[in-house]
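Participant: Take a look at the following structure, please.
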Amino acid sequence: MIGSLPASLSGLAAEGSTAGLEATPASGAFSLMWVIIALPLLGALLLLAFGRRFDRIGHWLGVATVAGSFAVALWLFLELSAQPEEERAVSQQLWSWIPVGDFQADVALLLDPLSTVFVLLITGVGLLIHIYSVAYMDHDRDRRRFFGYMNLFVAAMLLLVLADNYLLLYVGWEGVGLASYLLIGFWNQNPVYATAAKKAFIVNRVGDFGLSVAIMVMFATFGSFAFSEVFAAAPDASETTLTVIGLLLLLAACGKSAQVPLQSWLLDAMAGPTPVSALIHAATMVTAGVYLITRSNAIFDLAPGAQLAVVIVGVVTMLFGAVIGCAKDDIKKALAASTMSQIGYMIIAVGLGPIGYVFGIMHLLTHGFFKAGMFLGAGSVMHGMNDQVDMRKYGGLRALMPITFATFGLGYLAIIGIPPFSGFFSKDKIIESALADSWWVGGATILAAGITAFYMTRVMIMTFFGPRRWEDDAHPHESPSLMTGPMILLAVGSVGAGAFLALGNRLELWLEPVTGFTEPVPPLPIWVITGITLAVVGIGVLIAYLQYAARPVPDTQPAGSLVTVAARNDLYGDAFNEAVFMRPGMHLTRTLVFFDNKVVDGAVGVTAATIGGLSGRMRRLQTGYVRSYALTILAGAVAVAAAVLLVRL
Amino acid sequence: MNPDAYLAVSAMLFAIGATGVLLRRNAIVVFMCVELMLNACNLAFVSFSRLNGNLEGQTVAFFVMVVAAAEVVVGLAIIVQIFRTRRSASVDDANLLRH
């Protein structure tokens, strides 16, 4: 289906985008690029190394470093946009990391339109969520440690997107994995949370394995892992090699972005504090896979097989997450399932090639706003409801939490794609690109839009509308302004980001030099597609209304149909992993242990016992009696004499 | 002169000495049996020397005597020491080599 693209278009895209922008060495304002990463890193060091001394001001220190980072990023963004289009890539060589003969690993940063967009998202949304956390984590005695980890995460994520070679990107990649692990298990006094953290870390390792092998293959093929050199050399490599690299990068993306088959960790990752879910597991880290694929567009454009795999993974995850989202009663898990599904959209978009990269990134940005906003809203609700997460125990909260309701509601309108909210622009574009590619991908994206509308309406109704189903000791109240402020700003983003990025093709023009762009040509007029999508969304909303607003919501979980039960159990993803990987793995290790004990150790043991036994027997010859030795000597002498005589004869 | 008789005597002495070494427990007797074997060898050497009409066998016999004298010095010293520590001259009591 990717192959069905007109050859001229693919060729054009390949020519236009594989080489990318020629990076110029940093000078002037751009030599401050390193500060963007250094500030949060310094914050993390101070907060984590100096212990309780920073307890009183630690949280504001954490906010300040990210704010400084954001300010520098904004400045550099303005500087960069003032440059002519072909000079909008600046690289900064910091130091030579591992210089060994032909193996040259540099610590070098690259600021180009793509990384700028990410840096702004990470520092901007990160700043808002840091501010929110000051109030949200107010009662936690480990608030300083929390901010230390958050700063560590921001630094690692910035390193990931600013690296100008795959090896340095890998450092950031591992760094965000570590920060994610630390933050999911932030309340590790609860063993379930600690287990969730371990699960996230281990599942991510599978993806990291893919990235590390991809880097090795790259080095073996191209002799370098700098973006510029790899992408320049990519057209000369065989398609098989590029497909292998592409599939390995896809595996990496699956791990970090919680795509099927490595999706299982994300729902459990909701064990972390809610700001973590908003920043790491909705807005930034889980989009690293999308970044990786977009960044490697020069490789994917030349490997249609890998692109097809990307699209398939995206479609499966999109529907998978959407179905799970329909059945979850835990508000954070419903949102997490939705995150999986929305990242599925992005993965589809970037799998479509030059017609999709820009829209994938656009959806990533708008999603960063509305999903982070909704997570913060969910945190605000939990804050007011004694950390209750079961939506069946909510209901009718709109009167008592008007700001939370309004911001969450705007995020809701954005995610289901109602015009003119931001999700409409980004999601509609993805649907158009998908339809331009093939009917089944396009159809799946429209279907998922309908399911999205259903489960988000369900969340909305169960939380904010209907009768109050609260626990007796719940006293819901609006959150302090430190929490509502960031929520309002993110809501503004949920409303306006899409229109801002899409109208006038701002994002397309901005990203085109890096990712390339081809106008998608859908088989239907655009207004028809939009109409169909909105109709499907409307049906989704209507079904949710009939089921959850027209009928009372039971405050305990009803039995549910077969599909509902499956969705409640994450579509048996864990059961699958357990049956296919864990149990055979345990059997394998047990067999190996058995083999080791019985065969390897056994062989050694038998040899030792044989020699021991033999020498025990031989030892008996040594009686210590001089006369017996004399007899032996005599016998030997006689034997020698006899032999001599025999030879003589 | 019939050399066979000398050689036969020599062989008999050697056999008696060897048997004594193997069968007797008293270190002194074992020692004397060793001397007997050495002297049986000496007799054989001298006989062959006479038989072949040269002096080499006689020379070797002198060497053997020197060695035997030296051996007596060392051997008797050892036996005396063993007797002092163990109050016994039995070769079977000195079996520590086994351990």
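The values are calculated or read from the model by the stated rules, or taken from the named source; none is laboratory data. Computed from a predicted structure; not experimentally measured. All Cβ positions, even for glycine, are placed from backbone atoms using ideal geometry, and neighbour counts span all protein chains on display. Just so you know, the surface numbers come from the protein's heavy atoms only, side chains and all, with ligands and any DNA or RNA stripped out. Shrake-Rupley method; radii C 1.70, N 1.55, O 1.52, S 1.80 Å.
Participant: Between residue A:556 and residue A:74, what is 0.36 nm times their sequence separation minus the Cα-Cα distance? Round to one decimal in nm.
Facilitator: Net length gain for the segment: 168.7 nm.
Participant: For the stretch A:454-571, what size does the Cα cloud have along each of its three principal axes, sorted from largest down, in whole Å?
Facilitator: 57, 42, 26
Participant: Follow-up. Calculate the dipole size of chain A relative to its Cα centre from +1 charges on Lys and Arg beta carbons and -1 charges on Asp and Glu beta carbons; express the result in debye to the nearest 20.
Facilitator: I would put it at about 2780 debye.
Participant: Report the residues of the stretch A:618-649 in range of a label on residue B:95: point 7 Å along Cα→C-beta, backbone N strictly under 17 Å from it.
Facilitator: Answer for the stretch A:618-649: A:618-632.
Participant: Can you give me the pair-distance distribution of the protein assembly as shown, C-alpha pairs, 10 Å bins, whole percents?
Facilitator: 3, 12, 20, 18, 11, 5, 2, 3, 5, 7, 7, 5, 2, 0, 0
Participant: Right, another one. Counting only other chains, what is the mean number of Cβ atoms within 10 angstrom of the Cβ of each residue in peptide A:104-116?
Facilitator: Rounded to a whole number, the mean comes out at 0.
Participant: Contour minus end-to-end for residue A:629 and residue A:86, with contour as 0.36 nm per residue of separation and end-to-end as the Cα-Cα distance?
Facilitator: Answer, rounded to one decimal: 185.7 nm.
Participant: Taking a cut-off of 25 Å between Cα atoms, list the lysines near residue A:328, but don't count ones fewer than 8 places away on the same chain.
Facilitator: Partners within reach: A:198, A:199, A:256, A:371, A:393, A:427.
Participant: At a Förster radius of 30 Å, what calculated FRET efficiency corresponds to the Cβ-Cβ distance of residue A:582 and residue A:440, to the nearest 0.05?
Facilitator: FRET efficiency, residue A:582 to residue A:440: 0.35.
Participant: Let me ask something additional. Could you tell me the relative contact order of the stretch A:263-356? Use alpha-carbon pairs under 8 Å, at least six residues apart, and round to a whole percent.
Facilitator: 36
Participant: Which distance in Å, rounded to a whole number, links the C-alpha centroids of the stretch A:222-280 and the stretch A:436-483?
Facilitator: Centre-to-centre (Cα) distance: 28 Å.
Participant: Among A:36-46, A:133-143, what's the highest-first ranking by average C-beta atoms within 10 angstrom per residue?
Facilitator: Peptide ranking by packing, descending: A:36-46, A:133-143.
Participant: Using the charge dipole of chain A (Lys, Arg: +1 at Cβ; Asp, Glu: -1 at Cβ; taken about the Cα centre), state which of A:139, A:46, A:59 has its Cα farthest towards the positive end.
Facilitator: So the residue furthest toward the plus end is A:139.
Participant: How big, on average over all directions, is the shadow cast by the Cα convex hull of the stretch A:72-185, in nm²?
Facilitator: About 8.6 nm², averaged over all directions.
Participant: Ok, one more. Counting pairs of Cα atoms in the stretch A:268-342, how many percent are more than 21 Å apart?
Facilitator: Here the long-distance tail beyond 21 Å is 36 percent of all Cα pairs in the stretch A:268-342.
Participant: Can you pull out the buried accessible area for chains B and A, both sides counted, probe 1.4 Å, rounded to the nearest 100 Å²?
Facilitator: Separately minus together, B and A give about 1000 Å² buried.
Participant: Could the peptides A:397-410, A:366-379 be put in order, highest first, of the mean number of other beta-carbon atoms found within 10 Å of their residues?
Facilitator: Taking the mean over residues of other Cβ atoms within 10 Å, the ranking is A:366-379, A:397-410.
Participant: Of the options A:105, A:35, A:77, report the single residue whose Cα projects farthest towards the positive end of the charge dipole of the stretch A:35-127 (beta-carbon charges: Lys, Arg +1; Asp, Glu -1).
Facilitator: Positive-end residue among those listed: A:35.
Participant: Computed on alpha carbon atoms, what radius of gyration and Dmax characterise the stretch A:195-287, expressed in Å?
Facilitator: Reported Rg and Dmax, both Å: 15.6, 48.
Participant: Would you kindly state the longest site-free stretch of chain A, with sites defined as GluC sites (Glu not before Pro) in a DSSP loop (not H, G, I, E, B) surrounded by at most 15 other Cβ atoms within 10 Å?
Facilitator: A:23-470
Participant: Let me ask something else. So what's the gap between the Cα centers of the stretch A:309-364 and the stretch A:121-190, to the nearest angstrom?
Facilitator: 23
Participant: If you don't mind, another one. Suppose only helical runs count, i.e. DSSP H with n ≥ 4. What mean residue ellipticity at 222 nm does that imply for the protein assembly as shown under -39500 (n - 2.57) per run, divided by all residues and rounded to the nearest 500 deg cm²/dmol?
Facilitator: Calculated at 222 nm, the ellipticity per residue is -23500 deg cm²/dmol.
Participant: So, one more: Would you report the distance distribution of C-alpha pairs in chain B as whole percents per 5 angstrom bin, up to the bin with the largest distance?
Facilitator: In order of increasing distance, the bins hold 3, 13, 18, 19, 17, 12, 8, 6, 4, 2, 0 percent.
Participant: In whole Å, what is the distance between the alpha-carbon centres of the stretch A:533-560 and the stretch B:45-98?
Facilitator: Here the answer is 115 Å between Cα centres.
Participant: Given 0.36 nm per residue, what is the gain on full extension from residue A:595 to residue A:202 after removing their alpha carbon distance, in nm?
Facilitator: Fully extending the segment from residue A:595 to residue A:202 adds 138.9 nm.
Participant: Which whole-number percentage describes the relative contact order of chain A, with Cα contacts under 8 Å and a sequence gap of 6 or more?
Facilitator: The normalised contact order for chain A reaches 13 percent.
Participant: Show me B:78-91, A:211-224, A:249-262 ranked by packing, highest mean number of other Cβ atoms within 10 Å first.
Facilitator: Ranked by mean Cβ neighbours within 10 Å, highest first: A:249-262, A:211-224, B:78-91.
Participant: Taking 2.2 N^0.38 Å as the expected size of a compact globular protein, what ratio does the Cα radius of gyration of the stretch A:359-504 give against it, to two decimals?
Facilitator: For the stretch A:359-504, the normalised Cα radius of gyration comes out at 1.12.
Participant: Treating only the Cβ of Lys, Arg, Asp and Glu as charged (+1, +1, -1, -1), what charge dipole size does chain B show about its Cα centre? Round to the nearest 20 debye.
Facilitator: 440
Participant: May I pose another question? Give me the percent of accessible area attributable to carbon and sulfur for chain A, probe 1.4 angstrom.
Facilitator: About 69 percent, which is the carbon plus sulfur part of the accessible surface.
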